[in-house]
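Values in this text are rule-based calculations from the coordinates and carry no lab data. Just so it is clear, the structure is predicted and the values come from calculations on it, not from any experiment. Heads up, the Cβs are rebuilt from the backbone with ideal geometry, glycines too, and the neighbour counts pull from every protein chain shown.
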Amino acid sequence: MIQEKDRIIRELNDEITKIKDIQELQNVKAKYTGKKGILTALMKNISSVEPENRKNYGMEVNSLKEEIENIINEKTEEIKKSEKEKQEMKNWVDVTADGAKKISGREHLIMKVMRESFEIFTNLGFTVVEGNEIEEPWFNFDALNTPKWHPARDMQDTFYIDEEHLLRTHTSAVQIRTMMKHQPPIAVVSSGRTYRKDEIDATHSAMFHQFEGLYIDKNVNVGHLKKFLEIYAQKMFGSNLKVLLRPSFFPFVEPGFEVDVSCISCGGKGCSVCKNTGWIEVLGAGLVHPNVLRNVGFDPEKWQGLAFGIGIERIAMLKYGISNMRELFKNDIRFIE
Ligand code: PHE
């Protein structure tokens, strides 16, 4: 019996060292301690043992059973521990690893030029006001000295929503809305989308952005206008930039001007960007027409005003050397970056 016991333990140890999971261990356990197992067989054998040795035999089988159970329990703990470790390895997180790279947004060039324009004029004491993208014809045209029969109304091909509503063709309607709400002196700027039925090409879009300025006070003259625009252009493009006022026509100003800045590309010598003129047109401006002042109830003998409308896309294209306006609206991430 003793020899047999040693052999059984040796075999069990041999078998157990190869075991890797609980299932295999269950099988081995059944083989030794199960109903049809080795221990049961040994117990059954007791009948063939001499009666006086049976007690000892029984004790030996029991101690063998204990030993076997200890070995199996130990192995069970070992397997459980290693499985837990495996699981932990799987869930392991390297808290020192670099974080995932976040893509952060960029300010679009249109917004950047708009914001910088606001900054320049608010530093000069102007207040920012908001206008309506959907306007009434009276604010967009009539009050701006552009009655129905006026040929200038044809120059701005317009998106009408119905008889009473249109997508504003310029930000100048903000002038009227502001003057109807506030008494002079007035110094406001406003910016946003404007719409015209323009064919889309490298320099035109059916939707674009304008930046409007209005200043109403006593004794306002063209000198004030030129100085404001010079400050704007030099802050936007550089301190040695020159501003040129060319007489032009807008129904709501008198005199009216188209305003050029000296070519950013060649410094005024003449190049392909400025078509060899040395100048680039960036905005429309003028002194507020007396009829416009009358339309909002201001006495033109008492108050004068200046107004200007800047093309934001134009400024952005010049400032950042963009030759095709469509780049600004394509939302190509590579361009925006
Ligand atoms: N509203 C004019 C345009 O869209 C620009 C302008 C604004 C001209 C203010 C004079 C004064 O072309």
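Here are the numbers for this structure:
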| item | result |
| --- | --- |
| Set Lys112/Lys181; Lys227/Lys302; Lys218/Lys319 screened for pairs whose C-alpha atoms are more than 25 Å apart | Lys112/Lys181; Lys218/Lys319 |
| Packing-based ranking, highest mean first, of 193-199, 277-283, 128-134 given that Cβ atoms within 10 Å are counted | 277-283, 193-199, 128-134 |
| Size-normalised alpha-carbon gyration radius of the chain, reference 2.2 N^0.38 Å | 2.24 |
| Qualifying aspartates and glutamates (Cα of each under 17 Å from Cα of Lys275; at least 8 residues distant if same chain) | Glu258, Asp260 |
| DSSP H segments from the chain that extend 20 Å or more along their own axis, Cα-based, with Kyte-Doolittle mean of -1.0 or above | 109-123, 222-237 |
| Anchor Lys36: lysines whose Cα lies under 28 Å away (excluding residues fewer than 8 positions away in-chain) | Lys5, Lys18, Lys20, Lys44, Lys55, Lys65, Lys75, Lys80 |
| Protection-proxy order for peptides 33-43, 177-187, 227-237, 77-87, each taking the mean of Cβ atoms within 10 Å per residue, highest first | 227-237, 177-187, 33-43, 77-87 |
| Ser47, Ser248, Ser190 arranged by Cβ crowding within 10 Å, fewest neighbours leading | Ser47, Ser248, Ser190 |
| The range 109-336: relative contact order as a whole-number percent, Cα under 8 Å and 6+ apart | 21 |
| Estimated [θ] at 222 nm from DSSP helical runs (n ≥ 4, -39500 (n - 2.57)) normalised by residues in the chain, nearest 500 | -13000 deg cm²/dmol |
